[in-house]
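The values are calculated or read from the model by the stated rules, or taken from the named source; none is laboratory data. Computed from a predicted model, the values in this text were never measured in an experiment. Neighbour counts are summed over all protein chains in view; Cβ atoms, including those assigned to glycine, are modelled from backbone coordinates with ideal geometry. Side chains are part of the model used for accessible areas, which takes the heavy atoms of the whole protein and leaves out ligands, DNA and RNA. Shrake-Rupley method; radii C 1.70, N 1.55, O 1.52, S 1.80 Å.
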Amino acid sequence: IFAGISTSQRNDKCMQWNPDKLPELPKENVKKISKVESIIGLTLSIIFGTLFVYFMWKNQTYIGWYDGGNFNTIKVVFFNANEIVKFIPLYIISVLLSVSVNLLKIKAGHWNISVASLHTIEQIFSVIILFLFATNANIVNYDFWIEAASYTTITAEQLSEGFTKGIIGLAWFVAVMSAIDILSIWVKTLKPKFKR
């Protein structure tokens, strides 16, 4: 039997064995990144990022206090056009960073220094933009608060202050959550290296 197998193998045109054709050894103790989650993250980043930039760019058409009974006409715009336009390039950079992070996650397939570093940069950049937005006193058109106050017992100044406090509170919440996320990512990335 063995002689027959040996003879038949000699007659076959077998390809020369090459160690380079062996599959790569699986990396031990690395935290895998789900491709499905990364693809979903990439899709959402592109869709919602593009929509967000579009609505900020066209804010005077879509975001504001609509004329009563006529939902096609904005009576008072919400954002100051001169202020919001300064943020649009930052929003675009933020979307591009988010897309880059998700593409790198798909390519790498696991957490490493490069993926963790780009993820950290993206998170910090997003938080900085949010704080710049939240602390810009002129970002919202004050006439909007005057219009809103005419329908309530609260003054325009109180509405403006409440909005500012709320958005700053949100910015701090996002900053804390981002810090926890960054810390957990670096633990996932560096823990396997410490085990070796």
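So which of Lys35/Lys191; Lys86/Lys165; Lys58/Lys165; Lys32/Lys188 end up more than 19 Å apart, counting from Cα to Cα? Distance filter (> 19 Å) returns Lys35/Lys191; Lys86/Lys165; Lys58/Lys165. Of the peptides 97-105, 141-149, 41-49, the order by per-residue mean of other Cβ atoms within 10 Å, starting with the highest, comes out as 97-105, 141-149, 41-49. Rounded to the nearest whole Hz, the Karplus-based 3J(HN,Hα) values (6.51 cos²θ - 1.76 cosθ + 1.60, θ = phi - 60°) of region 173-178 follow the sequence 4, 4, 4, 5, 5, 5, with x at glycine and proline. Based on every Cα atom in region 71-182, Rg and the maximum pairwise Cα distance Dmax equal 18.2, 56 Å. Dividing the C-alpha radius of gyration of region 108-150 by 2.2 N^0.38 Å, with N its residue count, gives 2.00. Region 88-105 and region 108-155 have Cα centres spaced 15 Å apart. For Lys31, the residues whose modelled amide H falls within less than 5 Å of its own, excluding neighbours fewer than 5 places apart on the same chain, are Trp111. Residues Thr120, Thr155 ordered from highest to lowest accessible area at a 1.4 Å probe: Thr155, Thr120. Pairwise Cα separations in region 128-182 fall into 10 Å bins from 0 onward with the following percentages, short to long: 24, 41, 24, 10, 1. The amide H of Trp65, built 1.01 Å from its N in the peptide plane, has Lys75, Val76, Val77, Phe78 as neighbours under 5 Å, considering only residues 5 or more places off or on other chains. Each Lys and Arg adds +1 at its Cβ and each Asp and Glu adds -1 at its Cβ; summed about the Cα centre, region 93-196 shows a dipole of about 1180 debye. What residues from region 111-136 fall in the zone where the backbone N is under 18 Å from a label point 7 Å along the Cα-to-C-beta line of Lys31? 111-124, by backbone N distance to the label point.
For region 44-63, the residues whose amide N sits under 16 Å from a probe point set 7 Å from the Cα of Ser100 along the beta carbon direction are 46. What spacing in nm lies between the two simple spin-label points modelled at Asp181 and Leu51, each 7 Å away from Cα in the Cβ direction? Roughly 1.8 nm, to one decimal. Using a probe of 1.4 angstrom and keeping all protein chains present, the accessible surface of region 65-138 works out to 52 square angstrom per residue. Counting only protein heavy atoms and a 1.4 Å probe, tell me what percentage of region 52-132's accessible area is made up of carbon and sulfur. On region 52-132, the fraction of accessible area on carbon and sulfur atoms equals 66 percent.
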